[in-house]
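The values are calculated or read from the model by the stated rules, or taken from the named source; none is laboratory data. Nothing here was measured: the structure is a model prediction, and the numbers come from that model. Cβ placement follows ideal geometry from the backbone for every residue including glycine, while neighbour counts extend to all protein chains displayed. Note: accessible area is taken over every heavy atom of the protein model, side chains too, but ligands, DNA and RNA are not part of it. Shrake-Rupley method; radii C 1.70, N 1.55, O 1.52, S 1.80 Å.
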There are 2 protein chains.
Amino acid sequence: MSRPIETRRPLTLRDVSEASGVSEMTVSRVLRNRGDVSDATREKVLQAAKALGYVPNKIAGALASQRVNLVAVIIPSLSNLVFPKVLSSVSDELEDTGLQPVVGVTNYSPEKEEQVLYEMLSWRPSGVIIAGVEHTPASRAMLQNAGIPVVEIMDVDGEGIDSVVGISHRRAGLHMAEAIIAAGYRKIGFLGTKMPEDHRARKRLEGFKEGLAKAGIELADTEFYAGGSALAKGREMTETMLKRSPDLDFLYYSNDMIGAGGLLWCLDNGIDVPGKMGLAGFNGLELLDGLSVRLATMNACRAEIGRKAAQIISGRSQSGMIGGEVIELEPTLDPGDTIRKR
Amino acid sequence: MSRPIETRRPLTLRDVSEASGVSEMTVSRVLRNRGDVSDATREKVLQAAKALGYVPNKIAGALASQRVNLVAVIIPSLSNLVFPKVLSSVSDELEDTGLQPVVGVTNYSPEKEEQVLYEMLSWRPSGVIIAGVEHTPASRAMLQNAGIPVVEIMDVDGEGIDSVVGISHRRAGLHMAEAIIAAGYRKIGFLGTKMPEDHRARKRLEGFKEGLAKAGIELADTEFYAGGSALAKGREMTETMLKRSPDLDFLYYSNDMIGAGGLLWCLDNGIDVPGKMGLAGFNGLELLDGLSVRLATMNACRAEIGRKAAQIISGRSQSGMIGGEVIELEPTLDPGDTIRKR
DNA sequence: GCCAAGTATGTTAGCGTTAACGGTTGTAGG
DNA sequence: CCTACAACCGTTAACGCTAACATACTTGGC
């Protein structure tokens, strides 16, 4: 049950080569399916490798070949559903390219991002996919100097380093404002996260305010939270806000989870949704598909973003560009059941 | 905006050494904070490295030193909340050990697990944390031969390879059965995933049946699903099952998400919970804290599991053992609002 | 003033693999 | 029978870094 204490020397190509009676080079060729090897020797080598339980050393291989099959994927968090989704679409798209994603998490901290980036670049990946276009100067410099394709994802509002794939959160907020106003709501509250480093949420709010301003409307109330279960926070904040501003007729949430919390609170309290009170979130989380009342939301194209980013890194992008590609996707509004139809 | 085409030679220690007028070795020492270097040269070197934008090459470093600061973490999925939780607690615990987790995802496929393991071991990590105790013979062999600490997590029901940290899902199911029976429920249905490879869900069900059997009760009905939004599936399955077996008085769900879906369906349909109908899930997802009715569940100790596993890998385990450690944690029942009190 | 014991740096030899090239054999075509 | 060329396999020299040892220069104790 316990792992053996004995420190027998780790296996190398040489061991396989000796066991199969061919040169190390030939073993290497067999194991990589590269170059010409006769079926007979191939078989011999594979057998020996298997019998010994040999696992190639990619560290040495990467050093010698100057090639690494890793792609760094740097995201702020794994604990909400949005980034895992992107990640899995990256992963799927990379599936048979020989490339492998490696994840780093920054917790929305620019300093942590810098550290994670440094750490990852020191493994010389063949590409970087990184969330957001805001980075410390040092991070930008590292990305620029790395000499590898870089794709900044999620957000196109800003100056990219190399390629960019995402949506305009500013315009997403703006469109949501327009839709809400078109539906006849006028006293609008905003509920979001207390995270100065969540630039995308910030841009949505800015765009949202801009959209309201065009119609001569100002945000009637705002409420922010940090930490805790988003669903519960959505509840609490909604209660707080509606106690404070009972005349509101719409609540815009910075994400679907707190939106769902708010929705549940409204339903529990017999509030007429969407008649007296409209609600909307952001992200298009399919996690929430099972709610009896579907929350209005905006699809953030997460899967598509991951896919496109992976294509750019793997050189399979449609465009055939060699870098500097900017792809802006169009988020679609899903009015669900919480915005009244006109 | 586009990354430079120019292929200037990548920076090496030699570049920094030339720029700062000392040997490569001294630069190496400075950059790793190892050995004696005078403050003056240290400063000189750091400045040169920064100016050049040098990022060390860990591939070469690892090959030379035969040390790699990576810990492979192999899990079935990132798209439910349970593994990200474990992952982040591993990550936190490893924070200042110099070790870095690297994630691999198997999608509950033993073959994929084998591939991912092979790939990861080829980078010669200094430890492996892997979900479950069921692996292909080849995977087991690789883990045994790797000569590094291995921690199998989540599940202690089975034969481990080296160290094991988890709970007994069999006993978790059994305890849930006992609690349900003690609360007076008798006609019990089970709703779960159609995943033969989810051994933990299977063991919970087995333990659950065993618990019922002790009281002379059999499962009255079962329903399974695959794919889709768990919340929505929970709804659908609940409806299906209650149409088919209207006399049921308890529904046991294999996870909290489908449980929550079922709970919402019951509430929407005016079913008296927990009076006429009891419900329970599994996992203790804090995500669901915001529901108006708290689903009965069982805490799977996810954070604790991640922490202990990381401690074993980093050699900071309390026990001081050198491997072969088995830690069984005790899941706690949270009756929530969906099991009636006696 | 000389030796012991640091302190600060440099030198050498790999780490395990692969790129690049070289050699040997076999085989077809003239 | 000789050339041309392919198929197969081996040899050599890196890749960029660090362990281990070697070397110079200091310091202080007696």
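Evaluate peptide B:269-280: per residue, the Cβ atoms of other protein chains within 10 Å of its Cβ; return the mean as an integer. If you can, show how the numbers build up before the last one.
Numbers: counts 1, 0, 0, 0, 0, 0, 0, 0, 0, 0, 0, 0.
Per residue, the average neighbour count from other chains is 0.
Restricting to the protein assembly as shown, compute how many DSSP beta bridges are antiparallel as a %, nearest 5. Don't skip to the end; give the middle numbers.
Details: 4 of 77 bridges.
If I count the DSSP bridges inside the protein assembly as shown, around 5 percent turn out antiparallel.
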Hydrodynamic radius (Kirkwood) for the protein assembly as shown, which is based on Cα pairs only, to one decimal in Å: 27.5
Solvent-accessible heavy-atom area per residue, rounded to whole Å², over the range B:220-342 at 1.4 Å: 41
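Given axes a ≥ b ≥ c from the Cα gyration tensor, I'd like to know whether the range B:66-119 is rounded (a/c under 1.5), prolate (a/b larger than b/c) or oblate.
Working: a/c = 4.49, a/b = 1.27, b/c = 3.54.
Judged from the Cα gyration tensor, the range B:66-119 comes out oblate (a/c at least 1.5, b/c at or above a/b).
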The range B:100-145 shape via C-alpha gyration tensor axes, a/c threshold 1.5: oblate
Label geometry 7 Å along the beta-carbon vector: A:Pro246 inter-copy distances in nm: 4.3
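Using 1/(1 + (r/R0)^6) with R0 = 35 angstrom and r between the beta carbons of A:Lys276 and A:Glu210, what's the FRET efficiency to the nearest 0.05? Display every interim value, and only then the final one.
Working: r = 26 Å, r/R0 = 0.75.
That pair, A:Lys276 with A:Glu210, gives E of 0.85.
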Test item: B:72-85 mean partner chain Cβ contacts at 10 Å: 3
Distances in nm from A:Glu24 to the matching label points in the other copies, shortest first (labels 7 Å along Cα to Cβ): 1.8
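What accessible area, summed over both chains, is buried at the A-B interface (1.4 Å probe, Å², nearest 100)? Please list the in-between numbers first.
On the way: alone 17410 and 17390 Å², together 29380 Å².
Accessible area lost upon association: around 5400 Å².
What's the FRET efficiency of A:Glu330 with A:Met195 using the Cβ-Cβ distance as r and R₀ = 22 Å, to the nearest 0.05?
On the way: r = 25 Å, r/R0 = 1.16.
That gives a FRET efficiency of 0.30.
Could you list the square roots of 5 times each eigenvalue of the Cα gyration tensor of the range A:13-65, that is, the equivalent ellipsoid semi-axes, sorted largest first and rounded to whole Å?
Details: eigenvalues 57, 35, 16 Å².
Calculated on Cα positions only, the semi-axes equal 17, 13, 9 Å.
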Whole-number accessible area per residue in Å² for the range B:38-87, which is evaluated in the context of all protein chains at 1.4 Å: 46
Using alpha carbons only: equivalent-ellipsoid semi-axes of the range B:225-342, gyration tensor based, whole Å: 35, 15, 12
Probe 1.4 Å - accessible area at B:Arg9, Å² to nearest ten: 150
Average other protein chain Cβ within 10 Å of Cβ, residues B:47-58: 3
Accessible area of chain A belonging to carbon and sulfur atoms, whole % at 1.4 Å probe: 51
Computed over the range A:152-294, Kirkwood Rh from alpha-carbon pairs, angstrom: 15.5
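If r is the Cβ-Cβ distance from A:Thr222 to B:Tyr118 and R0 is 45 Å, what FRET efficiency results, to the nearest 0.05?
About 0.30, to the nearest 0.05.
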